[in-house]
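The values are calculated or read from the model by the stated rules, or taken from the named source; none is laboratory data. What you see is a predicted model, and the numbers here were worked out from it, not measured in a lab. Cβ placement follows ideal geometry from the backbone for every residue including glycine, while neighbour counts extend to all protein chains displayed.
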Amino acid sequence: MTERLAEIEARIQGTQQLGAVVNAMRGMAAARAQQARSQLAAVESYAADIAGAIGSALELVPASDAGLPPARAGRALVLFCAEQGFAGAFSERVLDAADAQLPGAELLLIGSHGLTATTERGLHPGWTGAMPAHTQGVPKLADRIVEVLYARMTTGAIERLDVVFSRWQPAQPIQVESRRLLPPDLSIFPRQTQAAAPLVNLAPALLLQELVVAYLHAQLCDAALHAFAAENQARMETMAAAHQQLDSQLADLRAVQRQVRQEAITEEIIELAAGETASRATEGGR
């Protein structure tokens, strides 16, 4: 009985320690998700400013030079999957959403843990990158993606780019979004009606090209921050479910502990009573 009680107490201690780890992971995920969401407003404002600048530059470029040729070469698909574990089916949802776009596209995968899910589906990314541990590394990640893309574009390997990422919104489940980045739809940029043409130091066509690159970078940062926040939100939900399960297990173990203790006390009382009865019987026989 004593050995069984010691075993139960050891299991209770182990469950409590595991609960502390789960709570710590949940807290870290919450902090990272909040950090990413707080930076999204700045990135979206930056992208909006570039979009306005593109609209102004379009007024300087002849229509024949502003139009982009239709994509005839290959396609590239940037997928933002999970970087770490304990995020549930985060990567699987992204892959399911991109399933129709995968055939014929070169896959650029972000997320080390998501590589396992792609391998299980028989997919072989042409390039992989890790999501940074902190949001400060997102611009550098976007730089790397742009470098890879333009290296392929200069050889004519790809002309079309789509990005698939998860996004979180308050009081709603995590949604997967697909966004076309290249060739850009120039009709979405607000045209600026100005009395005087803006002063520029670059040839209008070159200026437009540079602004499109900057807009691509901003959109990749936006997608990465959404994916970063969504992954950590998914990890928070997973850790919350694990915490509830641990609480249930702990309650069951403590109930068993009380029962075993009661049985041990009862057994000890019975042994004491039996010993006392035997002692009296011995004394009476003398």
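Values as computed for the structure displayed
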{"item": "Close pairs from segment 165-187: first under 20 Å from residue 83 (Cβ atoms) and not assigned by TED's automatic domain parsing to the domain that holds residue 228, partner modelled with pLDDT of 85 or more and assigned to a loop (DSSP other than H, G, I, E, B), Cβ under 9 Å, at least 6 apart", "result": "none"}
{"item": "Residue in segment 117-160 that is modelled with the lowest pLDDT, counting only those that are basic (Lys, Arg) and within 24 Å of residue 231 (Cβ to Cβ)", "result": "121"}
{"item": "Qualifying positions in segment 61-81 - out of contact with any Leu (no Cβ under 6 Å at 6 or more places or on another chain) and modelled with pLDDT of 95 or more", "result": "80, 81"}
{"item": "Residues located in segment 196-213, provided they are part of a helix (DSSP H, G or I) and surrounded by fewer than 17 Cβ atoms within 10 Å (Cβ to Cβ)", "result": "205, 206, 209, 210, 213"}
{"item": "Filtered residues of segment 76-93 (kept if in contact with a helix residue (DSSP H, G or I) (Cβ under 7 Å, 6 or more places away or on another chain) and either aliphatic (A, V, I, L, M) or surrounded by 22 or more Cβ atoms within 10 Å (Cβ to Cβ) (or both))", "result": "76, 77, 78, 79, 80, 81, 82, 83, 87, 90, 91"}
{"item": "Enumeration of residues in segment 1-27 that are in contact (Cβ under 8 Å) with a residue 12 or more places away in the chain and within 30 Å of residue 142 (Cβ to Cβ)", "result": "25, 26"}
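Rundown of residues vs (1) within 20 Å of the chain's Cα centre (by Cα); (2) closer than 16 Å to residue 134 by Cα; (3) outside any helix (DSSP H, G or I), yes/no style:
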| position | (1), (2), (3) |
| --- | --- |
| 17 | no, no, no |
| 24 | yes, no, no |
| 27 | yes, yes, no |
| 30 | yes, yes, no |
| 36 | yes, yes, no |
| 44 | yes, no, no |
| 49 | no, no, no |
| 53 | no, no, no |
